[in-house]
Structure formats: C-alpha cells, structure tokens
Amino acid sequence: MKGLAILFNEDHTITVIEDVEKEELDSLCKDEKTAVFWREEDIDWDYGY
C-alpha cells in the first residue's frame with residue numbers, strides 16, 4: 001500500500017515523502033527518532049485533493 005509520509009525531525013525540519021510504500025518507509029525510519037504521520041493514498045494529487 002502506498003501513501004504519503006510526513007516526517008517531523010528532531011532538528012525541527014519536516015520531510016514529505018509522496019508515493020512511498022509503507023514497508024519502505026519503515027525501513028527508512030527504523031534508526032531515526034522522528035515522529036511520522038502516515039496517510040494511505042486516498043488523495044488524488046493530479047486533481048488536487
């Protein structure tokens with residue numbers, strides 16, 4: 001399942017990752033201490049919402 005992830009980093013930056021698999025996101029963030037907001041892909045980015 002693909003979706004949108006917003007990562008809130010310790011240095012107060014925000015990283016947005018679009019169209020990413022949940023498993024891939026888990027492996028990317030495994031060692032980092034970030035808060036993650038995950039939203040399953042139900043947003044039509046071509047249409048705008």
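Table for the structure above
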quantity: Under 15 Å, Cβ to Cβ, from GLU21 - net charge with Lys/Arg +1 and Asp/Glu -1; calculated: -3
quantity: Compactness of region 1-42, expressed as Rg and Dmax over alpha-carbon positions, Å; calculated: 9.8, 29
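Read the figures in this text as sums done on the coordinates, not as results from a lab. Since this is a predicted model, take the numbers as computed values, not measurements. In this analysis, Cβ positions are derived from the backbone assuming ideal geometry, glycine residues included, and neighbour counts consider all displayed protein chains.
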